[in-house]
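The values are calculated or read from the model by the stated rules, or taken from the named source; none is laboratory data. Because the structure is predicted, anything quoted here is derived from the model rather than measured. Using ideal geometry, Cβ is built from the backbone for each residue, glycine included, and neighbour counts are taken over all protein chains shown. Remember, those area values only see protein heavy atoms, side chains included, never the ligands or the DNA or RNA. Shrake-Rupley method; radii C 1.70, N 1.55, O 1.52, S 1.80 Å.
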Amino acid sequence: MDYNATNLVEKRITNPEECSDYLRTQSVSWVDVQGLGNRDVIHRLGQTFDLHPLILEDVVNMAERPKIEDYEEQLVIIARMVVPNINNRSFYSEQVSLIVGAHYVLTIQEEPEHDCFDNVRMRINKNKGIIRRQESDYLAYSLLDAIIDGFFPVLELYGERIAELEEEVITNPTSQTLKQIYQIKRELLQLRRAIWPQRDAINSLIRDGSQLISHEVSIYLRDCYDHAVQVLDMVENYRELVSGLMDVYLSAVSNKMNEIMKL
């Protein structure tokens, strides 16, 4: 997507070298790479955008911890994105790399199947809000905010699952109930590991600043940080609820055994 306040060009690019035509314009260009299946494409993108070798190393390393790296001409944001998996009521998790330049944002996603950027695409397409009148730093903020907000639908699923488990633990606790409690506890730990370093990374960007991030956008980033803190608080609360469910389960099983012994 290449846009300004009045014009929008949206096209699918198969040749990374085509991106160079948009890097010389004063409009904002968003290049979204979906999937990491081809190392040659990533290497050619690195040449086109003049990426430092360490940036490419971070992009292809899927176990990278969320972080912020400032290379003066480019700002690199490594983030962890989660998307709800309605089928088994859990989530997909993947790494997203954002490379921010003066007039462009390059996003590289681990998987092509799903992301949480549809709302950003819609705002650009329909010229909603102020996004088309802003620079690349505001686009980077919008994408980062979409990644953080993507945690909330996932947490809604876990809220429903925990509520159902609470009723099951009290009325009819089984070994399957115990298995589900452990499963939710493990998945909530994964969510915590994803959001904790992202909160710290956003905080460091607000605190240290960057020549590519304006003061106005830095204020917006504080709202993004607040959302990350809110997500982390919800994850911690759910983990405490699940730990409490474990105690209730053990108590319920013990009571059931006492009734059997009395009989």
*Could you please let me know if Leu212 is in contact with a Leu (Cβ under 7 Å, 6 or more places away or on another chain), touching a residue at least 60 places away in the same chain (Cβ under 8 Å) and surrounded by 15 or more Cβ atoms within 10 Å (Cβ to Cβ)?*
yes
*When you go through Ile202, Ile195, Ile260 one by one, which is the residue that is among the hydrophobic types (A, V, I, L, M, F, W, C) and touching a Cys at 6+ places or on another chain (Cβ under 8 Å)?*
Ile202
*Assess whether Leu189 counts as being in contact (Cβ under 8 Å) with a residue 40 or more places away in the chain, more than 18 Å from Val96 (Cα to Cα) and surrounded by 18 or more Cβ atoms within 10 Å (Cβ to Cβ).*
no
*Would a scan of the stretch 232-245 turn up a residue that is among the hydroxyl-bearing types (Ser, Thr, Tyr) and over 25 Å from the mean Cα position of the chain (by Cα)?*
yes
*Yes or no: Gly150 modelled with pLDDT of 90 or more and either closer than 21 Å to Gln198 by Cα or buried (at least 22 other Cβ atoms within 10 Å of the Cβ) (or both)?*
yes
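Here's the yes/no breakdown for (1) outside any helix (DSSP H, G or I); (2) in contact with a helix residue (DSSP H, G or I) (Cβ under 8 Å, 6 or more places away or on another chain); (3) within 23 Å of Arg80 (Cβ to Cβ):
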site	(1), (2), (3)
Ala163	no, no, no
Gln180	no, yes, no
Leu189	no, yes, yes
Ile195	no, yes, yes
Ile219	no, no, no
*Of the residues that sit in the stretch 40-67 and are touching a residue at least 40 places away in the same chain (Cβ under 8 Å) and assigned to a loop (DSSP other than H, G, I, E, B), which one is surrounded by the fewest Cβ atoms within 10 Å (Cβ to Cβ)?*
Met62
*Please determine, by comparing only the residues of the stretch 138-147 that are open to solvent by 10 Å² or more (accessible area, probe 1.4 Å) and either free of Cβ contacts under 8 Å to residues at least 24 places away in the same chain or touching a Leu at 6+ places or on another chain (Cβ under 9 Å) (or both), which one is nearest to Tyr92 (Cα to Cα).*
Asp145
*Would you please name the residue that is modelled with the lowest pLDDT, looking only at residues in the stretch 173-186 that are loosely packed, with under 11 Cβ neighbours inside 10 Å and not basic (Lys, Arg)?*
Ser175
*asked:* Go through (1) in contact (Cβ under 8 Å) with a residue 60 or more places away in the chain; (2) surrounded by fewer than 19 Cβ atoms within 10 Å (Cβ to Cβ); (3) under 30 Å from Asn4 (Cα atoms); (4) not hydrophobic (A, V, I, L, M, F, W, C) for Glu166 and report which single condition fails.
replied: (3)
*For the stretch 108-126, does any single residue satisfy the condition of being open to solvent by less than 10 Å² (accessible area, probe 1.4 Å) and touching a Gly at 6+ places or on another chain (Cβ under 8 Å)?*
yes
*If a residue has to be assigned to a loop (DSSP other than H, G, I, E, B) and either within 23 Å of Gln198 (Cα to Cα) or within 12 Å of the chain's Cα centre (by Cα) (or both) to count, how many in the stretch 103-134 make the cut?*
8
*Tell me, yes or no, whether the stretch 8-18 has at least one residue that is more than 16 Å from His103 (Cβ to Cβ), among the aliphatic types (A, V, I, L, M) and either in contact with a Cys (Cβ under 9 Å, 6 or more places away or on another chain) or at pLDDT below 85 (or both).*
yes
*Given the conditions (1) touching a Cys at 6+ places or on another chain (Cβ under 9 Å); (2) over 24 Å from Asp149 (Cα atoms), report the number of the one that Leu51 does not fulfil.*
(1)
